[in-house]
Structure formats: C-alpha cells, structure tokens
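Novice: Pasting in a structure now, in structure tokens, and then I'll have a few things to ask.
A short reminder: the numbers here are calculations on the coordinates, not readings from a lab. These numbers were taken from a predicted model, which means no experiment stands behind them. Methodologically, a virtual Cβ is constructed for each residue, glycine included, from the backbone with ideal geometry; neighbour enumeration extends over all protein chains shown.
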Amino acid sequence: MDPLINKRIKQVLKGDQSAYADIVSLYQQSLHQVCYRMLGNKEEAEDAAQEAFIKAYIHLHTYDQKRKFSTWLYRIATNLCIDRIRKKKPDYYLDAEVPGTEGLDMYSQLAADEPLPEEELERMELQERIQYEISRLPDKYRAVIILKYIEELPLQEISDILDIPLGTVKTRVHRGREALRKQLGDL
C-alpha cells in the first residue's frame with residue numbers, strides 16, 4: 001500500500017487535489033477508530049479525524065516518504081486528540097467555593113505544611129524520651145553519643161575533644177548506640 005500512497009502524495013504535491021481524496025478514503029475508517037478510542041465520543045472523533053486530515057494536507061510537504069504514511073498521520077491525529085483531552089480537563093481555582101459548603105474555598109482542601117498537633121506532641125514526647133535515655137547511659141558513652149548525634153561533630157573532632165584515640169571513639173559510639181537501642185527497645 002505504501003507505494004500507492006507515495007504515488008498519491010507525489011500527485012498531491014504536484015497540485016492534484018483529487019489524489020488526496022484517495023488517501024482520505026484509504027485511512028478514514030481506521031483514523032476515525034483511533035480518534036474514537038482516545039476521545040470516547042463519536043462526534044468529537046469525527047472532528048479530530050477531519051482536523052488530522054486537514055493538518056496532514058497542509059503539512060504534506062514535510063512528510064518524509066521514507067517513513068510510513070499511516071504512522072505520520074496517526075501521530076498527527078493522536079496529538080490532536082491529546083490536545084482535545086487536555087482542553088476538556090476542568091480548571092480549579094483555589095479561591096473558588098467548595099460546592100456544598102458555606103464559605104469554604106479550595107484553600108481549605110489543601111494539606112497543611114506544618115504537622116498536626118498530635119504529631120507534634122508525639123515528636124516532642126519521643127525527643128524527651130530519647131534525651132532521658134541518653135542521660136541514663138554511662139558517662140563514656142553519653143559523651144560520644146551527644147557529641148556525635150546531637151552536636152553532629154565529626155569523629156576526629158570528638159577524639160580531640162575527649163582526648164581519646166579515634167578507634168576508641170568509634171567503639172564507644174557503636175556501644176553507646178547499642179545500649180541506647182536496648183533502652184529504647186519498646187518504641
């Protein structure tokens with residue numbers, strides 16, 4: 001079929017408009033089906049298919065005859081259908097009133113950035129519990145845990161502050177974490 005289509009396209013490009021009618025009749029049914037499947041509406045599908053044929057006719061000089069004509073035509077049609085679908089999507093405005101409510105606007109439907117009071121309370125309680133459990137650690141572990149995780153200091157700096165070898169700092173961080181994990185085991 002492609003040699004026939006290419007022949008008709010050459011005729012159209014030379015000015016024979018009746019040759020385009022042959023192209024339309026060959027693809028009309030299948031193009032309409034593609035548009036109908038995308039849009040779900042018979043009339044809209046007919047409009048989209050017709051628009052695709054018109055657009056293809058106008059831009060026929062850009063068609064690369066080394067490629068399949070049906071692919072090029074279907075791409076035009078699907079892009080037109082996608083544009084139609086996008087245009088149908090309803091617009092929502094944040095200052096518009098929510099139907100069925102008295103005075104509430106769409107802003108009231110947005111999630112808040114700050115945590116809920118219950119979540120904030122849980123977070124504070126957890127922090128207090130962790131602080132308490134850190135205070136129960138033996139001094140040598142408590143110091144490295146506070147410097148490492150609360151003050152966020154690098155291990156070498158902790159080593160310099162406590163005047164102990166780096167390897168000892170690493171060991172105490174590990175053992176302090178393990179002791180803290182055991183103490184917080186019920187969380």
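Novice: Could you give the length gained by full extension between L162 and Q50, i.e. 0.36 nm per residue of separation minus their alpha carbon distance, to one decimal place?
Specialist: 32.2 nm
Novice: Greater than 21 Å separation of Cα atoms is the criterion. Which listed pairs, K42/K66; K10/K55; K7/K68; K42/K87, meet it?
Specialist: Pairs exceeding the cut-off: K42/K66.
Novice: Now for a different question. Kindly provide the Kirkwood hydrodynamic radius of the stretch 1-85 in Å, to one decimal, from all pairs of distinct alpha carbon atoms.
Specialist: 12.9
Novice: Taking K148 as the anchor, which lysines have their alpha carbon closer than 30 Å to its alpha carbon, excluding any fewer than eight residues away along the same chain?
Specialist: List returned: K140, K170, K182.
Novice: Sticking with this one: Ignoring the sites themselves, what is the longest stretch of the chain with no GluC sites (Glu not before Pro) in a DSSP loop and at most 13 other beta-carbon atoms within 10 Å?
Specialist: 1-101
Novice: Can you give me the Rg/Rh ratio for the chain, using Cα atoms for both radii and the Kirkwood formula for Rh?
Specialist: Computed over Cα atoms, the ratio is 1.48.
Novice: Multiply the residue separation of E120 and D2 by 0.36 nm, subtract the distance between their alpha-carbon atoms, and state the gained length in nm to one decimal.
Specialist: Extra length available between E120 and D2 comes to 35.7 nm.
Novice: Now, a different point. For the stretch 119-187, I need the span (max minus min coordinate) of the C-alpha atoms along each principal axis, in Å, sorted largest to smallest.
Specialist: 39, 21, 14
Novice: Further, regarding this structure: Ratio to report: Rg/Rh of the stretch 14-53, with Cα atoms as the point set and Rh obtained by the Kirkwood method; give two decimals.
Specialist: Rg/Rh for the stretch 14-53 comes to 1.08.
Novice: For the chain, what does -39500 (n - 2.57) per DSSP helix run (n ≥ 4), summed and divided by total residues, give at 222 nm, in deg cm²/dmol to the nearest 500?
Specialist: Helix contribution divided over all residues of the chain: -21500 deg cm²/dmol.
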